[in-house]
Amino acid sequence: MSLTAIIESVVFAADAPLSLDKLCELLHEYDRGDVKAALQELVSFHGERNGGFHLVNVAGGWQFRTHSSLQQYVVRHIKTKSGKFSPSALETLAIVAYRQPVTRTEIEYLRGVDCGGMLRTLLEKKLVRILGKKDIPGRPLIYGTSKEFLEIFGLKDLKSLPTLKEIQALDDVPHFEQQEELLLDSGTRTSAATQIPFDLVK
């Protein structure tokens, strides 16, 4: 049996991403270099075949994942617990992700509201974890994101988080087009010329 086939079966059967170190530990009879080469061979193979799933490096490990473009078909079969988050929960999670390690007080200062409930929810969902206590009076808990956070959002590591510039690019001001004044039935004109989003102009 080839090493690529062995690794493929082990990764496929795993319930969480497997790191290179973990694979080397499981397959101790093989050299680390050979395991790494076999992984790259599998990545190329599944990438070139353009199938329904591929091998990706996520949350510090390797995992088979279906292509996001096929989500609408996959969800017809899989009944999963709702993964929707409230805007406040997402805002709290974003602060933890970008400012970690961070205390509850620091999060609440940025949000301007109490975040105790949101932090408990995120801890229960294992998206946030307690990193320890800050060495200041009161020794408050400090929070950071978890491995599950990386896995759920498909991130290799925290460096894969989008930058502020990339996020701002998603919210670019739409192009506008000047619309001529229109006569109303009464013969009066509308007030000053109106600007409407270009993509709404028919």
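How about the range 56-128: which trypsin sites (Lys or Arg not before Pro) there lie in a loop by DSSP and see at most 12 other Cβ atoms within 10 Å? Display every interim value, and only then the final one.
Working: sites: R65, R76, K79, K81, K84, R99, R104, R111, R120, K125, K126; in loops: R76, K79, K81, K84, K125, K126.
Passing both the DSSP loop test and the Cβ count: R76, K79, K81, K84.
Where does each of L18, L164, L141 land when they are ranked from fewest to most other beta-carbon atoms within 10 angstrom? Show your work: numbers first, answer last.
Working: L18 20, L164 9, L141 13.
So the ranking, lowest neighbour count to highest, is L164, L141, L18.
Taking 0.36 nm per residue of sequence separation and subtracting the Cα-Cα distance, how much length would be gained by fully extending the chain between L123 and R32, in nm to one decimal? Walk me through the numbers on the way to the answer.
Numbers: separation 91, 0.36 × 91 = 32.76 nm, distance 3.51 nm.
Length difference between fully extended and current span is 29.3 nm.
Say the cut-off is 25 Å between C-alpha atoms; which of K134/K159; K22/K165; K22/K147; K134/K165 go over it? Write down the numbers at each step before the final one.
On the way: K134/K159 23 Å; K22/K165 35 Å; K22/K147 15 Å; K134/K165 30 Å.
Listed pairs above 25 Å: K22/K165; K134/K165.
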Quick check: pseudo-label points 7 Å beyond the Cα along Cα→Cβ at R49 and Y98, how many nm apart are they?
4.0 nm
Grab the Cα-Cα distance for L90 and D114, subtract it from 0.36 nm times how many residues apart they are, and report the gain in nm with one decimal.
7.2 nm
Burial ordering of I107, I152, fewest other beta-carbon atoms within 10 Å first:
I152, I107
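Would you mind calculating the relative contact order of the range 3-74 from Cα pairs under 8 angstrom and at least 6 residues apart, reporting the percent as a whole number?
Working: 71 pairs, mean separation 24.4, N = 72.
It comes to 34 percent, rounded to a whole number.
Each value in this text was obtained by applying a stated rule to the coordinates, not by laboratory testing. Note that the structure is a prediction, hence the values are computed from the model and not measured. Here the Cβ is made from the backbone with ideal geometry for all residues, glycine too, and neighbour counts use every protein chain on show.
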